[in-house]
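The block underneath contains the structure these notes are about, expressed in structure tokens.
Computed from the coordinates by the stated procedures, all read-outs in this text should not be read as laboratory data. Just so it is clear, the structure is predicted and the values come from calculations on it, not from any experiment. Cβ: placed from backbone, ideal geometry, glycine included. Neighbour counts: every protein chain shown.
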Amino acid sequence: MKKLLLTGFEPFLEFPINPTTEIATSLHGEVIDDYQIIGEVLSVDFNQSGKQLINLIQKHDPDAVVSLGLAGGRNCITPERIAINCNDGPVDNKGHKPNGERIFADGPDAYFSTLPIYEMIETLTNNGFPAKISNTAGTYLCNNVMYHGLHYFSENAMDRPSGFIHIPASHDLAVKKNMPSWSQRDLIEAIKLSITCL
Ligand code: PCA
């Protein structure tokens, strides 16, 4: 059976809950279509998160990588189109705040997602889940991790789908920090549906 590395993140900044943590842990070990899910949770740390992703890829040799992050304030599921070679603030969970440095000095300016993002939008919306492509993953850890995965597969000439999906807040989070939110159950269902597009 094929393997899919599904990553979430720990809480960060003003968000005391990160709904991606529970998605990654609750889907760990499940089988979705052809894929056995390896769910892992990454730190929010400019010096560690990317290395953690690469270590997990080297350890598990997954056939595909889908990373998830919270985009507090967005109201729908947003597969990201592009990762850029830039680290910028705000401060991470270790107190580090970058200022626009490149992630890899000799890396290309950007990579396009190799996930089937158009099929994901179509499948999600056909199933009643609002979704649209996002043209920026920002310059924080989500962009950083997406860039690391795509750079690794590119440098190693490995043709494996890899990319990032930002999700809205869960209701649990929204009752603490008022913002657009979905039920955790719908968030999980939407990620499962997205994985069926691979
Ligand atoms: N979202 C942040 C980092 C961790 C997360 O879940 C981001 O959008 O960069």
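Answer rounded, prolate or oblate for the range 1-80, using the Cα gyration tensor with square roots of eigenvalues a ≥ b ≥ c: rounded when a/c is under 1.5, else prolate when a/b is larger than b/c, else oblate.
Numbers: a/c = 2.06, a/b = 1.37, b/c = 1.50.
Oblate, because a/c is 1.5 or more while a/b does not exceed b/c.
Enumerate the amide H contacts of R74 below 5 Å, restricted to partners 5 or more residues apart or on another chain; note that Pro and chain-start residues carry no placed amide H.
Long-range HN contacts for R74: A169.
Report the dimensions of the chain along its three principal axes from the alpha-carbon atoms, largest first, rounded to Å.
42, 40, 27
When we measure straight from the Cα of K176, which lysines land under 24 angstrom away, once same-chain ones fewer than 8 places off are left out?
Output for K176: K94.
For the chain, what relative contact order do you get, as a whole percent, if you take Cα pairs closer than 8 Å and at least 6 residues apart?
27 percent
Normalised by the number of residues in the range 2-83, what is the relative contact order in percent for Cα pairs under 8 Å and 6+ residues apart?
40 percent
Not counting the cut sites, what is the longest span of the chain without trypsin sites (Lys or Arg not before Pro) that DSSP labels loop and that have at most 15 other Cβ atoms within 10 Å? List each step's numbers first, then the result.
Details: sites that count: K94, R102, K132, K176, K177.
In short, 1-93.
With no solvent and one equal point scatterer placed on each C-alpha of the range 122-189, evaluate the Debye formula and give log10 I(q)/I(0) for q = 0.20, 0.24, 0.25 Å⁻¹, two decimals.
With no solvent term, the Cα-only Debye profile gives -0.99, -1.10, -1.12.
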